[in-house]
Each structure stands twice: as structure tokens, then as C-alpha cells.
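The structure under discussion appears below in the form of C-alpha cells.
The values are calculated or read from the model by the stated rules, or taken from the named source; none is laboratory data. Nothing here was measured: the structure is a model prediction, and the numbers come from that model. Don't worry about glycine lacking a Cβ; one is built from the backbone with ideal geometry, like all the others, and counts go over all protein chains shown.
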Amino acid sequence: MKNIIKFLFLTIILTSCEEDLNINTDPNTPIGVDKSFVLTAAQASIATTMGGNLTNLGGFLAQYHTQAPSASQYLDIDTYNMNADFANRMWTELYAGALNDLKYVKQVSEDEGDTGSYLIATLLEAYTFQVLTDLFGSVPYSEALLSQENISPAPDAGEEIYPALISSIDNALTNYDNSPVDSSVGSQDVIYNANMSDWIKFANTLKLKMYLRMAYTTLANPTAVNALLAENNFLESDATFSVYSENIEEDKNNPFYDVQIAHLGDVNNIASSSLLQFYTDNSDPRIDAVYRKNTATPSVHRAIDQGDRGAYTGSILATAFSRPNIKTNTPVYLMTVSESNFLQAEALIRYAGGAGAGAKYNAGVLNSFLTYGLTAAEANALTNTGGAYEYVPSATVETAIRQVMVQKWASLAYINNMEAFFELTRTKYPEIVAFGTQNYSIGNLIISKSSVLAGGQTPKTLLYPDDEVDRNINLTQKGSLTEKIWWDQK
């Protein structure tokens, strides 16, 4: 899908250049390219990265899947041994692809007075930069995307990027409020069809997510969070990129499906006991939405402990285990209503005395079930009094937050795997414990049994891509995967 969109984009650029090029025109800035197509290309780049490489990476780190014993494609992730070339593709896709495209959309929208499209591009830009700084820490931001003006942009600290992103969102919202021009991109906005009400809800939810990411830092801002809670204008529909084909067609399917299932043969990713056993022990019907049963007769759900390939012979194929239930046309989710509900529940617990948190928690579970195609009755059976997921108010903030975060982790499987990893890294819920002490039924993760890291450490970041380090004299490679991201202060 992404390649088709970019082919269309390139065709438009070449046509424009052939018709309009003259010696007074900068050939690096195509004139007359419809910004709506460029916006679609940017959204496709984000979806390809979030739904492809980062779904795979996050699935290992959040312990939704582990490496099948009979294959070895992703041993570097499962053993916590990712090297400096691991992130080359995703870095390039987000910077050279999505962010460059969004910069163009913003420039054209500003020139045209299209405050709606400018807001959409600003929100997607903020979303993308947040993912980058959450993954890598300090990244180029203020000096980024300047092309030949600065080919070695210095990185900005994450604690400086976050406030700048929030400020950019607020400025774009103010500009739209002062001059409310609805976006002209129409259906080329694959996520919300240029519905500005939905994008404003996205803006508020994204800001809430960013404020809560800073909850354990000196940048925590209860006043700003409570203002958002008082406004109460958050996501009411999932933010999805959902234009994938039901048929098996190269570059037209969900990016995880396209690579892991169609191209690599579905031989690598099998269920981790951390999540599958949690679902099983709690009789959670999401198990069948998240995983496919094995191919035994009769078929059953089966998992292995994270990284425990040594317990099995290499002849045991992936088909002997449960595997991710990603289909050709599974959407890529940027944010969901369920995630928004859990963010609000945490905010109410942390900054508003907890009143109303239980209702938001229940809504988070309910909307998770609905996103997976299950029913309200199935969700309510677990959250009602006496149910396995009944919310129990607590005067201890962390005790209450743990309930929210465990359910958030259970709700993000193959919805947004990287967000699950970021949140368990930030809050330490579910807890990562030594193997043999885990209780999967309450939500525990283990240190991968294949880990090469000493002292029970786990990855907190990625190394900078070597392609960028080699080119950028201002970017120094970090020391290890265990360096903490700035908001990881609990």
C-alpha cells in the first residue's frame, strides 16, 4: 500500500516538474503537488513503521510473542542483543518519509490558510516525534528536516522535545480556533476523513498521553492534566490506518502480515506465556482475538516462556504454538478509545483523588473488547462485581494505577505493541520478575530466558542507527540498550 501511494506521489512530482520547471524554481521543492496526496503518504509511512517493524519489536519487548524454537530471525530481539543497524529502516521511514512529507503539508497549508490541514499535519508530526524520542531518547528535532541547510542536525534532549511538541499542538489548535478552516484533504486523510472534531479529540488525547509519560519527572503537570480532564474531549473513535486489502496482495496488506506471515512464512512469532497465560487464567475471550490456535488436532492455545527456546528441540515448528492473529486487512492503530479511557483513569487516580477512575477503567476494558470485535457482555462479565477484572479502589495511588496498567497492557496486544512497552517501562507494571517467581495470572513478565544482558537488565532504548551515526557528526552512539529514556524515573 505504501509503495503504491509513494509511486502516485512520485508521478505527481515528476509531472509537476516537467510542466513547471524553470531556472528560477528550486527543483528540490516541487510546485503544485496536492498536499492531500502527500498527507496520505505520510500516514502510510507512519502506519508501515508502527504496524510493521515496531509491532514486531514491541511484541517481543512487551512479551506478546517470542521467537519460535525452530527459527532464529529475531533472536537479536529476544536475547536483548539488537545492534546499531537494527533501526536503520524505521529511522529513515519516519524522518525521510513521514516527517518530511508532513513538513511539506504544513508549509502548503500555512500558505493556503488551511488551518485544518495544518492541525492534522502538526498532530501527526508530534505523534511521530514522540515515538522517536520514546525509542531513542535524544533525537534531532529543532535542527531536523533542513535538508542541505544542515546535514548533521544536533539531537535535542527528550525533556526539551516533549514541551516543544505540546506547544506546537497548542499553537495549531489556537490557529484553528481563531480561523476554523476545515481541512481540504477529504478522504485522502485515511485516518479520520478530515473530520476536525475527531482530530481535536486526537489532539487532547495525545497531549494527555504525553503529560502522563512525564508523571514521574520534574515536568509532571497536574494542572494541565486536570484542565484536559475538565474539558473532557477525548477520542470517541479509534485512530486507524485501515485501507488494507482482504486479499493477499504484496504491499497492500497489513505490514506485519505482509512481512511476518506472507513473506517469512509465519515461522518466527509465537505466543509468549506472559500474555497468553494471563488471558487463559482469567478466562479472557480476547485470547482468540489476539492469537490463532496451533494446528494440532484438536487445535489448542499453547505458548512458551519468553525466550525459552532451549526447552524445545529445533524440530518443533511454530505451528505447534499459538501465533499472532493478524490478518491481511487488520488496521494499524495509532491510538484507541480504550487507550484514552485508561489514560483518563490513570490521570484521575494520580491527580484527582481517584473519583471516576473505576468508570474509566471499566470503559477501557469494554472498548478494548469492542476493538477486538468482542461484545460488551463479555467485557462486563469480567469487570462486574466478583469478576476477574473488577476494579478495586485503593487509597494507595500505585496500587490503583497497577490495576489500570495491567489491563492497558492486556488491551494493547497487536493494537499498539510499542505503546505497551513504553508504558510498562514508565510505570513498571506489569512487573518484570525473575523466572520462577512469576505469577502470570495477575500480570507478570519475566526476563527473557535467552537474555545476554547481565544482572537481570532489560532493554530500555534502541541504539542509534549506524547509517545516521556515520553521516551525522553531531550524533554520538549511546553506550548500551539499558540506558534509560529521560521519563523512566520510577
For residue 326, indicate whether it is part of a strand (DSSP E or B) and of a type in the set (Val, Ile, Thr).
-> no
The condition of being among the polar types (S, T, N, Q) and in contact with an Asp or Glu (Cβ under 7 Å, 6 or more places away or on another chain) holds, among 48, 40, 128, only for 48
Could you check how many residues of the stretch 216-234 are farther than 18 Å from residue 160 by Cβ and not aromatic (Phe, Trp, Tyr)?
-> 11
Hey, could you check the stretch 378-411 for residues that are in contact (Cβ under 8 Å) with a residue 60 or more places away in the chain and outside any helix (DSSP H, G or I) and say which is farthest from residue 351 (Cα to Cα)?
-> 388
Is one or more of the residues making up the stretch 124-136 at pLDDT 95 or above, small (Gly, Ala, Ser) and either over 17 Å from residue 334 (Cβ atoms) or not in a helix (DSSP H, G or I) (or both)?
-> no
Yes or no: residue 244 assigned to a loop (DSSP other than H, G, I, E, B), among the aromatic types (Phe, Trp, Tyr) and either out of contact with any His (no Cβ under 8 Å at 6 or more places or on another chain) or under 15 Å from residue 200 (Cα atoms) (or both)?
-> yes
Kindly provide the set of residues from the stretch 429-481 that are surrounded by fewer than 15 Cβ atoms within 10 Å (Cβ to Cβ), in a helix (DSSP H, G or I) and among the hydroxyl-bearing types (Ser, Thr, Tyr), ordered by number.
-> 441
Of the residues in the stretch 150-193, those that are surrounded by fewer than 15 Cβ atoms within 10 Å (Cβ to Cβ), assigned to a loop (DSSP other than H, G, I, E, B) and within 25 Å of the chain's Cα centre (by Cα) come to 157, 193
Is the stretch 311-323 home to any residue that is under 28 Å from residue 191 (Cα atoms) and buried (at least 17 other Cβ atoms within 10 Å of the Cβ)?
-> yes
May I ask you to list the residues in the stretch 348-366 that are in contact (Cβ under 8 Å) with a residue 40 or more places away in the chain and assigned to a helix (DSSP H, G or I)?
-> 348, 349, 350, 351, 357, 361, 364, 365
Hey, residue 147 touching a Gly at 6+ places or on another chain (Cβ under 7 Å) and surrounded by fewer than 23 Cβ atoms within 10 Å (Cβ to Cβ) or not | no
Hits in the stretch 56-92 - residues which are more than 24 Å from residue 438 (Cβ to Cβ) and under 13 Å from the mean Cα position of the chain (by Cα) = 90
Could you list, in sequence order, all residues of the stretch 159-186 that are more than 22 Å from residue 210 (Cα to Cα), modelled with pLDDT of 95 or more and among the small types (Gly, Ala, Ser)?
-> 179
